Amino acid sequence: MANRFNQNLEKFGHDVTCEQFAVLDALWKKDGQTQKELAECTYKDKTSIARLVDGMWKRKLVVRTQDKDDARKKFVYLTDKGKMLRVKLVRQIEKTLTQAQAGVSENDLKTCKNVLLKIAENLV
């Protein structure tokens, strides 16, 4: 799924990866999160988030600011460029989901989602 999403993003000229999309999606839902919060909501470790955010900063998709009271704490905010990508990237994830779910019944999808949620809960 991630490979197909990356292929679709590349095909349509988006210089963003599936992993970066997950960070963008989290920021679209709540802008101004710490790197620790982003790590938790994307199920990634702090080192991976730092690397992803750095790449996104270089592409001018996000900016980082330090907490006034704790310099170790960094907040990540979307830039206008990062905000404007939302519609285009969501369109690509929807296209990828449609491709992945072709020929799968609603009932089977529901069962699959429930099983995967249960597996995720078991691992927390």
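Every number in this text was worked out from the coordinates using simple rules, so none of it is lab data. It should be emphasised that the depicted structure is a prediction, and the values quoted were computed from it without experimental measurement. FYI the Cβ positions are ideal-geometry reconstructions off the backbone, even for glycines, and counts take in every protein chain you see.
Couple of notes before you dig in:
- For region 16-119, the set of chymotrypsin sites (Phe, Trp or Tyr not before Pro) satisfying both a DSSP loop assignment and a count of at most 16 other C-beta atoms within 10 Å is given as Y43.
- Each Lys or Arg adds one and each Asp or Glu subtracts one; over the other residues with Cβ under 15 Å from the Cβ of Q92, this totals +1.
- Trypsin sites (Lys or Arg not before Pro) restricted to region 29-60 and DSSP loop, no more than 11 other C-beta within 10 Å: K30, K60
- Inverse of mean 1/r across different Cα pairs in region 2-123, Kirkwood, Å: 15.8 Å
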